[in-house]
Amino acid sequence: METSTTNTRDLKKLKIETHLEVFDSLSELPIDIQELMNKAHEARENAYAPYSHFKVGAALRLDSGAIVLGNNQENAAFPSGLCAERVAVFHAGAMYPGATITTLAITARSLKHNVLTPIPPCGACRQSLAEYEVVQKTPMAIYFMGERGKVVKASSVKGLLPLIFDSSYL
Ligand code: THU
């Protein structure tokens, strides 16, 4: 994403461009990304999604090479559940505090219909991911897909969440 660090209060007009890469299939990607996405597929199958029947898996790689998993965890009190991406980053934060997340792979499938388009992280997850990226001062690459088919790559959370709200505003 191309923006400057200009103070938005002083702006008259701001144009934001996002550059994402789209791959026709997972097999076009490097083997380490394929491996990470395959871990996300495995995590996805263990999602607890009895209400939406929409299973999401996330796998992230740390700079140490360690892989941390997450999947969506739903709840009868619907807002008490959590998305796969936040389960994964909070899992990493709990297990490896201070580690740098280099890559995140996300996959989704529905038990009701075929999910063949890439499924991007929701807004709340983007905000949570942004916090980690800002703190680690290193971009994390994000790859997302449906149950099969095209894979989209964002080189940074910034590509998915323009005008990130972070602690510098507090
Ligand atoms: N979900 C995720 O896990 N990640 C997202 O980014 C979007 C939605 C989950 C939440 C809920 O369990 C189900 O998908 C349907 O919204």
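The values are calculated or read from the model by the stated rules, or taken from the named source; none is laboratory data. Values in this document were obtained by computation on a predicted structure and should not be read as measured data. Don't worry about glycine lacking a Cβ; one is built from the backbone with ideal geometry, like all the others, and counts go over all protein chains shown. Only protein heavy atoms, including side chains, enter the accessible area calculation; ligands, DNA and RNA are left aside. Shrake-Rupley method; radii C 1.70, N 1.55, O 1.52, S 1.80 Å.
If the condition is being more than 24 Å from residue 42 (Cα to Cα), free of Cβ contacts under 8 Å to residues at least 40 places away in the same chain and among the small types (Gly, Ala, Ser), then region 132-169 contributes 167, 168. Which condition number in (1) assigned to a loop (DSSP other than H, G, I, E, B); (2) open to solvent by 70 Å² or more (accessible area, probe 1.4 Å); (3) more than 14 Å from the ligand (Cβ to nearest atom) is the one that residue 35 fails? Against the list (1) assigned to a loop (DSSP other than H, G, I, E, B); (2) open to solvent by 70 Å² or more (accessible area, probe 1.4 Å); (3) more than 14 Å from the ligand (Cβ to nearest atom), residue 35 comes up short only on (1). Within region 21-48, the set of residues being without any contact (Cβ under 8 Å) to a residue 60 or more places away in the chain and under 20 Å from residue 113 (Cβ atoms) comprises 45, 47, 48. If only residues of region 84-141 that are assigned to a strand (DSSP E or B) and open to solvent by 20 Å² or more (accessible area, probe 1.4 Å) are counted, the one that is farthest from the ligand (Cβ to nearest atom) is 102.
Provide a single number: the residues in region 60-72 that are buried (at least 16 other Cβ atoms within 10 Å of the Cβ) and either within 13 Å of the ligand (Cβ to nearest atom) or over 19 Å from residue 38 (Cβ atoms) (or both). Qualifying residue count, region 60-72: 4. Scanning region 148-167 for residues that are in contact with a helix residue (DSSP H, G or I) (Cβ under 8 Å, 6 or more places away or on another chain) and open to solvent by less than 60 Å² (accessible area, probe 1.4 Å) yields 151, 156, 157, 160, 161, 164, 166. Taking the numbered list (1) of a type outside the set (Phe, Trp, Tyr); (2) within 16 Å of the ligand (Cβ to nearest atom); (3) surrounded by 13 or more Cβ atoms within 10 Å (Cβ to Cβ); (4) within 19 Å of residue 105 (Cα to Cα) in turn, residue 52 passes all entries but (4). Does residue 101 satisfy the condition of being in contact (Cβ under 8 Å) with a residue 24 or more places away in the chain and at negative phi? For residue 101, the condition - in contact (Cβ under 8 Å) with a residue 24 or more places away in the chain and at negative phi - is met.
The set of residues in region 50-81 that are touching a residue at least 40 places away in the same chain (Cβ under 8 Å) and touching a helix residue (DSSP H, G or I) at 6+ places or on another chain (Cβ under 8 Å) comprises 55, 56, 57, 58, 59, 60, 61, 62.
Within region 12-32, if we keep just the residues that are touching a strand residue (DSSP E or B) at 6+ places or on another chain (Cβ under 7 Å) and among the acidic types (Asp, Glu), the residue that is surrounded by the fewest Cβ atoms within 10 Å (Cβ to Cβ) turns out to be 17.
Checked against the criterion of being under 21 Å from residue 111 (Cβ atoms) and not in a strand (DSSP E or B), region 58-73 contains one or more residues that satisfy it.
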